[in-house]
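All of the numbers you see were taken from the coordinates with simple rules; none came from a lab. Just so it is clear, the model here is predicted, and its values are computed rather than measured. Using ideal geometry, Cβ is built from the backbone for each residue, glycine included, and neighbour counts are taken over all protein chains shown.
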Amino acid sequence: MICCVRTPHPSLVAAWLTAPALRGCSLVIGGFAHERALVTTASAEARAHGVLDGMSLNQAQQFSPDAIFQPVDEEATARVRQSLLSTLHHFTPDVAAGEDPGCAFLRLDRLALRWPDRSQLLAAISRAVEAVIGVTPTIGVASSIFVSKVAADHATIGVPAIVEPEKTRAYLARYPIDVLPLDDDLREYLELLGLRTIGRLQTISRPAFRRQFGVKALDVHDLAHGNERRRWRSWRPPVRIEASEPLEPPVDNTEALQFIARALAERVSASLLAHGLGTRAVRITLTQESASPLPIEVSFAYPMTTAGELFDGIRPRLLRASIVAPLERITLRAGRLEAAYVRQPGLLIRRDGFRESIADAVARLQEEYGPSLIQRAEVRPDAAPLVDHRILWKPA
Amino acid sequence: MTGIGGWPVGRLSLLAGPRGSGKRTLAQRSVAAASRESPVAYVDFPNRLDPEFLNYFDARLDRVLVVRPSSLKAGMASVRVLARAGVELICIDLPRTRSAGLDGELPHLLHRAAEADCTLLLIHDAEADDAIRYYASMILAFQRNAWVFRRDGDLEGMLVDATVVKNRLAPPGLKRRLVIPYPIP
């Protein structure tokens, strides 16, 4: 069984967490009223006045003149979503993030031993979510992601909607076809044929539906029967890989700094290897004794894992950093983590596979020795009679 | 002629000879041919590379990285980094003056080249140092022999005597007389 935990849009929750006084107010998220932007989400009070997601802010203000308009706080929104998923991850690692940002899914099958009573489990999930983001979610439990989401959408707070597998078809039958993921053409076509509820759609056989609407529409037919072929994509909590070293006494020469950076690169590399990850960006923070911290961003063309590769990228940036005071601390943080780059023996792949690594090597050399170090020539035979004019040199 | 069907992969080959004996032409033809298959680099210390000449031999100029270093250190660092990044052939055109510090760089260079299966070609106008001669797996010595004229009397090219002075992969001592044609404008 799959449980869908549904909360209001995370940007709305973020706004409530930032300013609790906004709860109960007519609140529209997406931008300020005078801006040319669309409504991302709105509180229930604003919706009661007719505000809908996706309408222009100007229109929303006409519907709800007293509403408070706020832009989306991307960072806070991401934090809320992360908190919701992390909270559910404490119950089971089988957590998936929904396409709707306020939705998250859990597989309950493996929790039967730990939580024999399902209602207690659902109550615990509800309490845990409320404790973290301050909003009580609605919960739907069913045999598939789609049905559980429909159940959660129509459940009331504190009363989970549970759809047993054998009752799925009957449960869906009463809902309008709008709950299905239909494109505009198919919706219009179904409405023209008088098929306005899922129950009516269920009466059509699969081969007949296929003949009438094509192979692509079969997914809709399957969903209407509660059968879902969507793959479960487990969400994994973010990995934070960071190494830091206090410098006692403060360091004021680059040789010592390089030595420490190398050691930190080895520590970061060990963590990356342990997770099977590679990094495409490293952020170095140099904490200076009597000046503001100096952040340095190093980007890589492809995911790096080994200490040598990391240090090769870091070293030239450290040498060129404008350090004005002795350093008290150096921190290396790996960002943009991806699956580790797997190198294959050169015999089995064409060397063109190294195009990215060559581009990266060229970028690093140009960064260290100047852009004119490595160049590419372009010959324009008809450009001019003078040789110098016919050949165009440009940095590689 | 080399006994192994081409330049040795992952090793250093030296093209030696006086100026105008055809070693740079041969190297540039090799670079042009290799550029059709994979990325190549040309480390041009004396700034004598002529892209039009490479173009004449159907080189893929977008795959030829021309390194124009201001110092030996920058040049050697470029070779090491590019070899490790996957460049298959690197041609190093050394300055005519004796390069101090090259002896120390060569072992590192060769280590990188061997590790990455990168072919290194070294062009040296002057009498090569003992260190270069020692680390080179193959030495080709060039000597200009005669001009080649067409029947109508125009200069067609140059006749060059090439000798494999040293070869660690096949028996050395082979001699060939090569005709190096000049590009037709």
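Farthest toward the positive end of the dipole of the protein assembly as shown, out of B:91, A:201, B:139, is the Cα of B:139, where the dipole comes from beta carbon charges about the Cα centre.
Across the range B:9-17, coupling constants 3J(HN,Hα) worked out from phi with the 6.51/-1.76/1.60 Karplus curve, θ = phi - 60°, read 7, x, 9, 9, 10, 10, 10, 10, x Hz, and Gly and Pro carry x.
Viscosity 1.306 mPa s, temperature 10 °C: Stokes-Einstein D of the range A:229-315 from its Kirkwood Cα radius, in µm² per second? Answer from the Stokes-Einstein relation: 109 µm²/s. Rounded to the nearest 500, the helix-only mean residue ellipticity at 222 nm of chain B stands at -9000 deg cm²/dmol, with each DSSP H run of n ≥ 4 adding -39,500 (n - 2.57). Net charge dipole, the range B:12-181: roughly 240 debye, given to the nearest 20, about the Cα centre with Cβ charges of +1 for Lys and Arg and -1 for Asp and Glu. When the Cα atoms of chain B are aligned to their principal axes, the ranges along those axes come out at 51, 36, 31 Å in descending order. Separation of the range B:134-185 from the range B:24-96 is 20 Å, based on Cα centroids.
Averaged over the residues of A:360-371, the number of partner chain Cβ atoms lying within 10 Å of the residue Cβ comes to 4.
Give, rounded to the nearest 20 debye, the magnitude of the charge dipole that chain A has about its Cα centre when Lys and Arg contribute +1 at Cβ and Asp and Glu contribute -1 at Cβ. Walk me through the intermediate numbers first.
Details: 47 positive and 45 negative charges, 264 e Å.
Charge dipole, chain A, about its Cα centre: 1260 debye, nearest 20.
Relative intensity of the range A:170-224 on a log10 scale, I(q)/I(0) at q = 0.14, 0.16, 0.17 Å⁻¹, equals -0.29, -0.39, -0.44, per a Debye sum over C-alpha point scatterers of equal strength in the absence of solvent. In straight-distance terms, cross-link reach from residue A:167 covers every one of the lysines whose alpha-carbon lies under 30 Å from its own, apart from those fewer than eight places away in the same chain; here that gives A:149, A:216. Membrane-span-like helices in chain A, defined purely by DSSP H runs whose alpha carbon atoms cover 24 Å or more axially and whose average Kyte-Doolittle hydropathy reaches 0.0, are A:254-275. Rounded to the nearest Hz, the phi-derived 3J(HN,Hα) couplings of the range A:46-61 under the Karplus curve 6.51 cos²θ - 1.76 cosθ + 1.60 (θ = phi - 60°) are 5, 4, 4, 8, x, 6, 10, 5, x, 7, 6, 5, 4, 5, 4, 5, where x marks glycine and proline.
Just need the Rg to Rh number for the range A:293-340, please, alpha carbons only, Kirkwood Rh. Don't jump to the answer; show the numbers that get you there.
Values: Rg = 12.1 Å, Rh = 12.3 Å.
Dividing the radius of gyration by the Kirkwood radius yields 0.99.
Based only on Cα atoms, what Rg/Rh ratio does chain A have, Rh being taken as Kirkwood's radius? Rg/Rh for chain A comes to 1.09.
Taking the convex hull of the alpha carbon positions in the range B:51-147 and averaging its projected area over all directions gives 7.6 nm². If one takes the longest principal axis of the Cα atoms in chain B, at what angle in degrees, from 0 to 90 and to the nearest 10, does the Cα axis of helix B:102-116 lie? On a 0 to 90 degree scale, this one is about 90.
Where does chain A land at 222 nm, in deg cm²/dmol rounded to the nearest 500, when only DSSP H runs of n ≥ 4 count, each adding -39500 (n - 2.57), divided by all residues?
Helices in chain A give a 222 nm mean residue ellipticity of -11500 deg cm²/dmol.
Cross-link partners of residue B:166 among lysines, defined as those whose alpha carbon lies under 29 angstrom from its own and excluding same-chain residues fewer than eight positions apart: B:23, B:73, B:175. Under a 5 Å amide H cut-off, with hydrogens placed 1.01 Å from N, residue B:43 pairs with B:67, B:91, B:92, B:93 among residues at least 5 apart or on other chains. Helix B:72-85 axis versus longest C-alpha principal axis of chain B: approximately 80°, rounded to the nearest ten.
Scanning chain A for GluC sites (Glu not before Pro) in DSSP loops with at most 16 other Cβ atoms within 10 Å, what's the longest stretch left with none? Mind showing how you got there, number by number?
On the way: sites that count: A:35, A:99, A:289.
Counting at most 16 other Cβ atoms within 10 Å as exposed, the longest clean stretch of chain A is A:100-288.
The dipole here belongs to the range B:1-91: it is taken about the Cα centre, uses +1 on the Cβ of Lys and Arg and -1 on the Cβ of Asp and Glu, and is about 320 debye.
For the range A:144-270, the alpha carbon convex hull comes to 233 Å³ per residue, rounded to a whole number.
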